[in-house]
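Below is one structure, written out as structure tokens, with a few remarks after it.
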Amino acid sequence: MKVKVGKKLEFDKDGIYRLHVDNNDLILISKEGQFFCLENRCSHEDFPLEDGDLEYHDGLPCIVCPAHGAKFSFEGKALCLPAVEDIKSFEVLIEGDEVFVKLA
């Protein structure tokens with residue numbers, strides 16, 4: 001199921017945007033004109049990622065959990081301890097100037 005989450009202009013600055021989509025708590029990451037969507041929770045202790053930082057881990061862009069420093073790739077892969085489990089990622093589709101997230 002594809003759900004519209006907004007217009008590209010709403011996410012024009014690099015950063016993390018919290019979304020509530022069909023009872024899903026998600027974050028949309030905008031980085032250098034690309035968009036990525038992850039569930040808004042660290043797999044270590046279910047802490048929200050929305051206030052995390054965007055940085056690099058071994059040259060790979062990632063989001064850092066603000067609670068304990070776990071890092072996740074923009075595809076949801078756990079990159080370092082204390083997280084050992086990946087988190088869900090969702091496909092982002094751009095159609096014209098609209099941004100959609102594919103939930104299933």
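What follows is calculated from the coordinates using simple rules that are stated; it is not laboratory data. Please read all numbers here as calculations on a predicted model, not as lab measurements. We place every Cβ from the backbone using ideal geometry, glycine too, and count neighbours over all the protein chains shown.
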Tell me, what HN-Hα J-couplings in whole Hz come from the Karplus equation 6.51 cos²θ - 1.76 cosθ + 1.60 at θ = phi - 60° for each residue of the range 65-77, using x for Gly and Pro? 5, x, 7, 10, x, 4, 10, 10, 5, 5, 9, x, 6
Result for the chain, cysteines with no Cys Cβ partner under 4.7 Å, is Cys37, Cys62, Cys80
Going toward the positive end of the dipole of the chain, with +1 on Lys and Arg Cβ and -1 on Asp and Glu Cβ, which of His57, Cys42, Ile94 do you reach last? Ile94
In terms of Cα to Cα distance under 15 Å, which aspartates and glutamates are near enough to Lys102, apart from those fewer than 8 places away along the same chain? Asp22, Asp25, Glu39, Glu75, Glu91
Scan around Cys42 for amide H atoms under 5 Å from its own, H built in the peptide plane at 1.01 Å from N, and keep only partners 5 or more places away or cross-chain. Phe47, Leu49
Hey, can you grab everything whose amide H is under 5 Å from the amide H of Cys80? Only 5+ residues off in sequence or another chain; H modelled, so Pro and N-termini drop out. Lys71
Modelled label reach - Asp51, point 7 Å along Cα→Cβ, the range 20-44 residues with backbone N closer than 20 Å: 20, 25-30, 38-44
Label model pair Leu81, Asp12: point-to-point distance (7 angstrom along the Cα→beta-carbon line) in nm is 4.5 nm
Cβ under 10 Å from Ala67's Cβ, Ala67 left aside: what net charge do those residues give with Lys, Arg +1 and Asp, Glu -1? -3
Restraint check, Lys7/Lys77; Lys13/Lys71; Lys8/Lys71, Cα-Cα greater than 24 Å: Lys7/Lys77; Lys8/Lys71
Say R0 is 25 Å: what FRET efficiency, to the nearest 0.05, do Asn23 and Ile94 get from their beta-carbon distance? 0.60
With +1 at each Lys and Arg Cβ and -1 at each Asp and Glu Cβ, the charge dipole magnitude of the chain around its Cα centre, to the nearest 20 debye, comes out at 200 debye
Over the chain, what relative contact order in percent results from Cα pairs under 8 Å that are six or more residues apart? 27 percent
